[in-house]
Amino acid sequence: MNPSDIHGKKLIAVAGKDCFGKQFISTVNKEIADRNLMMIGININEEDFGFFINNLPQSKVEVTIFMPEYQKMAAEHFNQEGVVLMSIKHDDTLELITSSYVTPIDDIKLLELTQNIKG
């Protein structure tokens, strides 16, 4: 991915322990490209998760989708019941999309989560 690939697009991060370069993210990018969206996988070590999530409001990333291994930790960080599936940045605040249970994330779920995001 070149910096020119993301210029002017809304950046969506998929945060997990092993997300970078995953085929299911590439598959979803083909489906959302015409909406001016770009999804990237970000590998986060458990010990770096706190740093990552604390910096979301200042990040270039506008939407973060949490893989199952971080959904409960995200909920704990944001003092939410259940789990956090996704955060969406609105100016200086984050809208949280939650669930009662840890949710597997695959290409179909990524498409579902991103269907109402506008580029």
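Here are some notes:
- Test result for residue 107, of a type in the set (Asp, Glu), farther than 21 Å from residue 8 by Cα and modelled with pLDDT under 95: yes
- Considering (1) modelled with pLDDT of 95 or more; (2) open to solvent by less than 60 Å² (accessible area, probe 1.4 Å); (3) acidic (Asp, Glu), the lone condition that residue 112 does not fulfil carries the number (2).
- Some residue of segment 4-11 being at pLDDT 90 or above, over 18 Å from residue 56 (Cα atoms) and open to solvent by 60 Å² or more (accessible area, probe 1.4 Å): no
- Condition met for residue 76 (at pLDDT 95 or above, closer than 22 Å to residue 22 by Cβ and over 12 Å from the mean Cα position of the chain (by Cα)): no
- Failed item in (1) open to solvent by 60 Å² or more (accessible area, probe 1.4 Å); (2) among the polar types (S, T, N, Q); (3) under 21 Å from residue 20 (Cα atoms), with residue 71 passing the rest: (1)
Residue-by-condition table, conditions (1) in contact with a helix residue (DSSP H, G or I) (Cβ under 8 Å, 6 or more places away or on another chain); (2) modelled with pLDDT under 95:
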{"site": "48", "(1), (2)": "no, no"}
{"site": "84", "(1), (2)": "yes, no"}
{"site": "93", "(1), (2)": "yes, yes"}
{"site": "101", "(1), (2)": "no, no"}
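- Verdict on residue 63 being within 12 Å of the chain's Cα centre (by Cα), open to solvent by less than 70 Å² (accessible area, probe 1.4 Å) and under 16 Å from residue 16 (Cα atoms): yes
- For the condition within 23 Å of residue 33 (Cα to Cα), open to solvent by less than 60 Å² (accessible area, probe 1.4 Å), of a type in the set (Phe, Trp, Tyr) and touching a residue at least 24 places away in the same chain (Cβ under 8 Å), residue 52 does not qualify.
- For segment 83-109, a tally of residues being small (Gly, Ala, Ser) and either open to solvent by less than 20 Å² (accessible area, probe 1.4 Å) or within 24 Å of residue 21 (Cβ to Cβ) (or both) returns 1.
- Boolean, residue 105 is in a helix (DSSP H, G or I) and not small (Gly, Ala, Ser): no
The values are calculated or read from the model by the stated rules, or taken from the named source; none is laboratory data. Since the model is a prediction, treat every value here as computed from it, not as a measurement. Cβ sites come from the backbone with ideal geometry, for glycine too, and all protein chains shown count toward neighbours. What goes into the accessible areas is simple: the full protein's heavy atoms, side chains included, and nothing from ligands, DNA or RNA. Shrake-Rupley method; radii C 1.70, N 1.55, O 1.52, S 1.80 Å.
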